[in-house]
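To start, the structure under review is shown below, and the notes come after it.
The values are calculated or read from the model by the stated rules, or taken from the named source; none is laboratory data. Bear in mind the structure is a predicted one, so any value in this text is a computation, not a measurement. Methodologically, a virtual Cβ is constructed for each residue, glycine included, from the backbone with ideal geometry; neighbour enumeration extends over all protein chains shown. Keep in mind that these areas ignore ligands, DNA and RNA; they rest on the heavy atoms of the full protein, side chains included. Shrake-Rupley method; radii C 1.70, N 1.55, O 1.52, S 1.80 Å.
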Amino acid sequence: MSLEEGVLLQKRQNDFSAFYAELLPCLVDFIGKIGIEPSHEVLNHAVQFEPFVSQATGNLSIDNEEDRTWLVTRMGYYIGEYFVQKHAGCWYVNEISDSRYFARFVVGKFNIPSQRALMLDPFEVAAAYVSAPTPRVLGDLIAEVEREILELR
């Protein structure tokens with residue numbers, strides 16, 4: 001690992017506590033803002049919320065970069081929690097220097113015995129979702145990620 005990579009990794013690790021402390025309240029707020037109640041239930045039932053999140057966000061228009069960043073961030077929180085809950089994983093900073101997700105906040109360490117090292121960047125998935133033409137279908141994108149996970153088994 002280069003010095004630059006080490007500095008980047010250390011910064012991300014230092015930022016992780018603040019990131020995670022913001023993630024769950026922001027996710028609950030987002031779910032409420034898109035009209036899904038009770039919004040706090042997403043913390044335990046993210047998988048069951050998928051059709052509602054898809055319906056609420058599928059036709060949202062993105063007028064500028066600020067709106068896009070806002071939506072990608074919140075969808076990233078949701079998608080990450082979806083996979084964390086579905087596969088008994090967790091959020092963490094990727095420390096593998098030759099990984100495409102190096103020093104990113106990722107979800108992984110899933111309860112998939114043959115794939116303990118599997119991880120994904122939910123913000124990358126969210127960016128693909130937000131960039132898709134409307135109407136967007138979150139379930140289709142999640143199913144595609146699930147297929148990729150299953151193929152790696």
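In vacuo Debye scattering of the stretch 65-153, one point per C-alpha: log10 I(q)/I(0) at q = 0.17 Å⁻¹? Treating every Cα as an identical point scatterer, log10 I(q)/I(0) equals -0.71. Remark: the His40-Phe19 segment gains 5.7 nm on full extension, using 0.36 nm per residue and subtracting the alpha carbon distance. For the listed peptides 79-85, 90-96, a ranking on the average number of other beta carbons within 10 Å per residue, highest first, reads 79-85, 90-96. The stretch 17-34 and the stretch 73-117 have Cα centres separated by 17 Å. If r is the Cβ-Cβ distance from Leu3 to Glu124 and R0 is 30 Å, what FRET efficiency results, to the nearest 0.05? The calculated FRET efficiency here is 0.70.
Based on protein heavy atoms only, the stretch 53-153 ends up with 49 Å² per residue of surface accessible to a 1.4 Å probe. Using every pair of distinct Cα positions in the chain, the Kirkwood expression returns a hydrodynamic radius of 16.1 angstrom.
For the stretch 3-150, what does the relative contact order come out to in percent, with C-alpha contacts under 8 Å and a separation of six or more? For the stretch 3-150, the relative contact order is 23 percent.
Protein heavy-atom surface of the chain, 1.4 angstrom probe: 53% of the accessible area is carbon and sulfur, with nucleic acids and ligands not counted.
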